[in-house]
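Have a look at the structure below before the remarks.
The values are calculated or read from the model by the stated rules, or taken from the named source; none is laboratory data. Remember, it's a predicted structure, so these values are computed and weren't measured experimentally. Don't worry about glycine lacking a Cβ; one is built from the backbone with ideal geometry, like all the others, and counts go over all protein chains shown.
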Amino acid sequence: MSSRTTLTFLGAAGTVTGSRYLLEHGGRRVLVDCGLFQGLKQLRLRNWDRFPVDPQSVDAVVLTHAHIDHSGYLPALARQGFRGPVHATEASVELAGLLLPDSGHLQEEEAEFANRHGFSKHKPALPLYTEDDARRMLRQFRRTEFHAAFEPIPGLRMQFVPAGHILGAASVHVQWDGGSVLFSGDLGRDEDILMKPPETPPAADTVLIESTYGEREHQEEDPATTLADVVSRTAARGGVVVIPAFAVGRAQALMHLVAQLKEQRRMPDVPVFLNSPMAADVTEIYVRYRAQHRLGSAQCRAMCEAARIVNTVAESQRLNELKVPAVIIAASGMATGGRVVHHLKAFAPDRRNTILLAGYQAAGTRGALLAGGAREVKIHGEYVKVRAEVVSLGSLSAHADRNELLRWIGRLPSAPRQVFVTHGEPAAADSLRLAIEDTHGFACSVPEQRQEVEL
């Protein structure tokens, strides 16, 4: 039996998405995160590649949080033979119970739509996994409280440390006789609208730190004021505001802002639609886990009542015929799929309307194209003109910015032997690497996809 402990970067190396880290210890294997690649086509194609190790040889998965770029490959892994437990915080288990079946359902829906309209190069187009696949794999989840020690394999002791970002999000601290490693997971803001700040990280020999915003700071803007201004000027034009929003975190932050603005009479009294039944279910989970975020019970109630929930596909389709000012919040957050894509098709060509991008847009996504000023985007095989106003609301991001990332790693009780900068576009990751070296003097590098290191 091998006495080495190794770490292999199977994702989130040179890109923001596809978070997957393979820890091998004592001849056993643990995967930290098991996410989908998103964005550029060459990245999305990796989701269809043969998994780099036999899924049956993976003893356990440890999940930092429920977002699809961290959890979304789990049903595919199980479909290929993974039978071990998936350890996650209690809130992450509940959120994954909504997100993973929805991911499978969307893939089935998109494959069916592509087959019906004949715009896929694959005959027939198939989903990576189905809703049923996702529901089956949910039985493998195991709930673990923050700070509670657990051993996914003999000799590896782990605990979850609150990371802010979204409900249930954690950094993962791993120890064994002779070493330790800390996975930051996605880190939240110090002054987030919803979430409490990340806890002080524990000491570790090796630290992995995310770098989504590694090369920039969030704008000093009040998101409530920006949102009020966007809704006011769009309503004055007789237009509709379309907001692509992640069902977890971003949708709740937006509804909290809407509730505040309505109470303070700072935005026009236009109908606000939450076109995501899943986001409505997620909001109920936020209400149940109030101890993990900043909102009190009255604020939670107001957030729940801030928008009309759109449940059926028929109701969703009727929104595309709106002729009066309104706000539509719909998934997905980077406009890669889901109901918001149909709204963009309907509303992007009209100058009276506004598309409000509320957070990070990964390279290669429709959201990134819109943020970059594209005058047309491809939707369902055809190009759609973008004449609507496009606004980016960067201050609503749930990710720590460059300064917050530097502060987090600076709070380590002792200097790590090595730091790996992951989960960022190449320029962002390298910029943060340099900043960590200059600011803290830690030995720091940006790993490559499939690179293996000994710990």
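Taking region 72-96 as the region of interest, how many residues are closer than 17 Å to ASP132 by Cβ and not in a loop (DSSP other than H, G, I, E, B)?
Summing the residues that are closer than 17 Å to ASP132 by Cβ and not in a loop (DSSP other than H, G, I, E, B) in region 72-96 gives 7.
Collect the residues in region 97-130 that are closer than 17 Å to ALA66 by Cβ and either part of a loop (DSSP other than H, G, I, E, B) or touching a Cys at 6+ places or on another chain (Cβ under 9 Å) (or both), keeping them in residue-number order.
TYR129
Give me the residue from region 138-155 that is in contact with a strand residue (DSSP E or B) (Cβ under 6 Å, 6 or more places away or on another chain) and among the aliphatic types (A, V, I, L, M) and, out of that set, farthest from VAL30 (Cα to Cα).
ALA149
If you go through region 219-275 one residue at a time, how many are of a type in the set (D, E, K, R) and within 15 Å of ALA306 (Cβ to Cβ)?
Filtering region 219-275 down to residues of a type in the set (D, E, K, R) leaves 220-222, 229, 233, 237, 250, 262-263, 265-266, 269.
If we keep only those that are within 15 Å of ALA306 (Cβ to Cβ) too, we end up with 250, 262-263, 265-266, 269.
Qualifying residue count for the region: 6.
What are the residues in region 296-327 that are closer than 16 Å to LEU261 by Cβ and touching a residue at least 60 places away in the same chain (Cβ under 8 Å), if any?
Those that are closer than 16 Å to LEU261 by Cβ and touching a residue at least 60 places away in the same chain (Cβ under 8 Å): PRO325, ALA326, VAL327.
Does region 197-217 hold any residues that are hydrophobic (A, V, I, L, M, F, W, C) and not in a loop (DSSP other than H, G, I, E, B), and which are they? Working first, answer last.
Taking region 197-217 first, the residues hydrophobic (A, V, I, L, M, F, W, C) are 203-204, 207-209.
Matches in region 197-217: VAL207, LEU208, ILE209.
For region 181-196, how many residues are assigned to a loop (DSSP other than H, G, I, E, B) and either buried (at least 19 other Cβ atoms within 10 Å of the Cβ) or touching a strand residue (DSSP E or B) at 6+ places or on another chain (Cβ under 8 Å) (or both)? Let's see the steps before the verdict.
Narrowing region 181-196 to residues assigned to a loop (DSSP other than H, G, I, E, B): 184-194, 196.
With either buried (at least 19 other Cβ atoms within 10 Å of the Cβ) or touching a strand residue (DSSP E or B) at 6+ places or on another chain (Cβ under 8 Å) (or both) added as a condition, the list becomes 184-189, 192-194, 196.
Final tally of qualifying residues: 10.
Among residues belonging to region 218-247 that are assigned to a loop (DSSP other than H, G, I, E, B) and under 13 Å from GLY394 (Cα atoms), point out the one that is modelled with the highest pLDDT.
Narrowing region 218-247 to residues assigned to a loop (DSSP other than H, G, I, E, B): 218-222, 237-239, 245-247.
Still in the list and also under 13 Å from GLY394 (Cα atoms): 218-222, 245.
On the way: HIS218: 90, GLN219: 83, GLU220: 82, GLU221: 83, ASP222: 90, ALA245: 93.
Looking at residues that are assigned to a loop (DSSP other than H, G, I, E, B) and under 13 Å from GLY394 (Cα atoms), I get ALA245.
Out of ARG450, ARG411, which single residue is on the phi < 0 side of the Ramachandran plot and either surrounded by fewer than 19 Cβ atoms within 10 Å (Cβ to Cβ) or not assigned by TED's automatic domain parsing to the domain that holds ARG29 (or both)?
Values: ARG450 fails: on the phi < 0 side of the Ramachandran plot.
Being on the phi < 0 side of the Ramachandran plot and either surrounded by fewer than 19 Cβ atoms within 10 Å (Cβ to Cβ) or not assigned by TED's automatic domain parsing to the domain that holds ARG29 (or both) holds for just one of ARG450, ARG411, which is ARG411.
Note down all Cβ pairs under 8 Å where the first residue falls in region 272-295 and is free of Cβ contacts under 8 Å to residues at least 40 places away in the same chain and part of a strand (DSSP E or B), the second is among the hydroxyl-bearing types (Ser, Thr, Tyr) and crowded, with 19+ Cβ neighbours inside 10 Å, and they're at least six residues apart or on different chains.
none
From GLU210, GLU131, which residue is more than 14 Å from HIS399 (Cβ to Cβ), buried (at least 18 other Cβ atoms within 10 Å of the Cβ) and among the charged types (D, E, K, R)? Walk me through it before giving the result.
Values: GLU210 fails: more than 14 Å from HIS399 (Cβ to Cβ).
Every option except GLU131 fails the conditions.
Tell me, please, whether a residue that is of a type in the set (Ser, Thr, Tyr), assigned to a strand (DSSP E or B), in contact (Cβ under 8 Å) with a residue 24 or more places away in the chain and within 23 Å of THR6 (Cβ to Cβ) can be found in region 156-175.
First, pick out the residues of region 156-175 that are of a type in the set (Ser, Thr, Tyr): 171.
If we keep only those that are assigned to a strand (DSSP E or B) as well, we get 171.
So of that shortlist, the ones also in contact (Cβ under 8 Å) with a residue 24 or more places away in the chain come out as 171.
In the following step, the residues that additionally are within 23 Å of THR6 (Cβ to Cβ) were identified as 171.
For region 156-175, residues of a type in the set (Ser, Thr, Tyr), assigned to a strand (DSSP E or B), in contact (Cβ under 8 Å) with a residue 24 or more places away in the chain and within 23 Å of THR6 (Cβ to Cβ): present.
If you take the residues of region 54-99 that are surrounded by 20 or more Cβ atoms within 10 Å (Cβ to Cβ) and of a type in the set (Ser, Thr, Tyr), which of them is farthest from GLY27 (Cα to Cα)?
That would be SER92.
Output the strands (runs of 3 or more DSSP E) that fall wholly within region 1-69 and possess 1 or more residues being under 22 Å from ALA134 (Cα atoms), or say none. Explain how you work it out, then say what you get.
On the way: elements: 5-9, 21-25, 28-32, 60-62.
Where strands (runs of 3 or more DSSP E) fall fully within region 1-69 and carry at least 1 residues being under 22 Å from ALA134 (Cα atoms), they are 21-25, 28-32, 60-62.
From the list ARG375, ARG402, pick out the single residue that is free of Cβ contacts under 8 Å to residues at least 24 places away in the same chain and not acidic (Asp, Glu).
Of the residues listed, the single one that is free of Cβ contacts under 8 Å to residues at least 24 places away in the same chain and not acidic (Asp, Glu) is ARG375.
Can you tell me which of PHE420, PHE442 is farther than 30 Å from ALA358 by Cα, among the aromatic types (Phe, Trp, Tyr) and not assigned by TED's automatic domain parsing to the domain that holds VAL248?
Values: PHE420 fails: farther than 30 Å from ALA358 by Cα.
From the options PHE420, PHE442, the qualifying one is PHE442.
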